[in-house]
Ligand code: AMP
Ligand code: GLY
């Protein structure tokens, strides 16, 4: 069968890479893809962006199913469009994607269904927001309601920062409509983990656990980013924690959405905060796979992903059991100079070694210009190493990272540290 992957990041390269390994996949298309999907002879990169054009392409090429990577087309209703044209697609509808595209929707949903999360209130009036902050004190967390490409969350350690964030979002209109409403919530302390499942509307299949590294610099310093690296599995999610997250967060979410008349299909990603007493709470939902979490997760998946995806589209995920490489995968992101604020484009990349059984390099912001590979976005590459321990996996990833060169490359040297400590 022919399969289409929509998106252009490291996540989509990893998804397409895994799908292309399936005997059942005749052709794997990626739209619009990146330099890595273009150079990979097992993939076909097509320069299409708009949902309508993608649907036309799927019809013309007789593509059997489509997998959507990023949240923006999901929130815009690409699944609704494909389904209205009778095309198979894996992802949430526009309505279900509100779990990610509106923080207010997600928070009121969690409150209504008793899903553990931080206490919160929603504001569109700045004076009321300032008064709430003064009444509750710092630290406190301010979030733009809508999609803000990972920039809409301010974890304010002081009252000044908190008031400043309200001004920035509500008064200065920094995020446009996405920030016209804000959620202010209780600060939660603890350790984060990414808990991602696949849902077909009724059945839920958990993927391997992982942990992201949001800050730019080592020891979790510097500004927040889309994620500077991830590893899988995350030791903090023990078997009993796994069972608890399924029971208290994932299952009530899937059942609650169905009860509210918005059945959830697609990847559901719960960003967890696990406190010192071992209680998990939901920081956020994403309605898609994580980036860079997907890269180590796909590197560990042994099952035939094309078959899994077919079951996911057909509502038969209950018949699937996933098989994982028992090794740890560590994915190190190499970002462009100036990331996250103003990433520089055009730096020439060289030294990427060929894929090996214990190390693979996924591309994100890259493009091929006249036969030369160049940086073309914030996060440029994600190098994934596999090993019997976090340390071994880390060693393999960094050996490759050190062979790769582009001017101004930024990367953390401590990806996976929580798994070692
Ligand atoms: P979000 O996009 O909602 O996941 O927020 C981005 C990051 O902000 C999270 O990964 C956390 O590191 C942090 N964060 C979000 N909400 C909270 C909270 N209530 N308490 C502490 N940190 C938070
Ligand atoms: N790595 C975090 C995210 O994908 O949202």
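The values are calculated or read from the model by the stated rules, or taken from the named source; none is laboratory data. Every value quoted in this text rests on a predicted model; they were computed, and no experiment measured them. Methodologically, a virtual Cβ is constructed for each residue, glycine included, from the backbone with ideal geometry; neighbour enumeration extends over all protein chains shown.
Points worth noting:
- Every test in (1) within 13 Å of ligand 1 (Cβ to nearest atom); (2) assigned to a helix (DSSP H, G or I); (3) more than 22 Å from residue 101 (Cα to Cα) is passed by residue 160 save one, and that test is (1).
- Where strands (runs of 3 or more DSSP E) fall wholly inside segment 9-73, the ranges with 2 or more residues that are touching a strand residue (DSSP E or B) at 6+ places or on another chain (Cβ under 8 Å) and closer than 27 Å to residue 147 by Cα are 27-32, 65-68.
- First in segment 131-153 and at positive phi, second anywhere and surrounded by 17 or more Cβ atoms within 10 Å (Cβ to Cβ), Cβ under 8 Å, 6 or more apart: 149/226; 150/225; 150/226
- For segment 213-225, a tally of residues being farther than 16 Å from residue 409 by Cβ and surrounded by fewer than 23 Cβ atoms within 10 Å (Cβ to Cβ) returns 7.
- Scanning segment 140-157 for residues that are crowded, with 16+ Cβ neighbours inside 10 Å and either at pLDDT 90 or above or assigned to a strand (DSSP E or B) (or both) gives 140, 141, 142, 143, 144, 153, 154, 155, 156.
- Some residue of segment 282-293 being touching a helix residue (DSSP H, G or I) at 6+ places or on another chain (Cβ under 6 Å), under 29 Å from residue 146 (Cα atoms), in contact (Cβ under 8 Å) with a residue 60 or more places away in the chain and away from ligand 1 (no atom under 16 Å from the Cβ): no
- Only one entry in 198, 169 is under 22 Å from residue 134 (Cβ atoms) and crowded, with 19+ Cβ neighbours inside 10 Å, namely 169.
- Failed item in (1) modelled with pLDDT of 95 or more; (2) in a helix (DSSP H, G or I); (3) buried (at least 20 other Cβ atoms within 10 Å of the Cβ), with residue 107 passing the rest: (1)
- Residue, farthest from the chain's Cα centre (by Cα), within segment 132-146, restricted to residues that are more than 10 Å from ligand 1 (Cβ to nearest atom) and under 19 Å from residue 225 (Cα atoms): 145
- The residue of segment 77-87 that is nearest to residue 260 (Cα to Cα), among those that are in contact with a strand residue (DSSP E or B) (Cβ under 8 Å, 6 or more places away or on another chain) and surrounded by 16 or more Cβ atoms within 10 Å (Cβ to Cβ), is 79.
- Residue 183 being more than 16 Å from ligand 2 (Cβ to nearest atom) and part of a strand (DSSP E or B): yes
- Taking helices (runs of 4 or more DSSP H) as the structural unit, those lying wholly within segment 218-337 and holding at least 3 residues that are at pLDDT 95 or above and within 16 Å of ligand 2 (Cβ to nearest atom) correspond to 294-300.
- In this structure, residue 207 does not satisfy being modelled with pLDDT of 95 or more, farther than 20 Å from residue 386 by Cβ, within 16 Å of ligand 2 (Cβ to nearest atom) and within 16 Å of the chain's Cα centre (by Cα).
- Annotation: residue 274 fulfils all but one of (1) more than 14 Å from ligand 1 (Cβ to nearest atom); (2) touching a helix residue (DSSP H, G or I) at 6+ places or on another chain (Cβ under 8 Å); the unmet one is (1).
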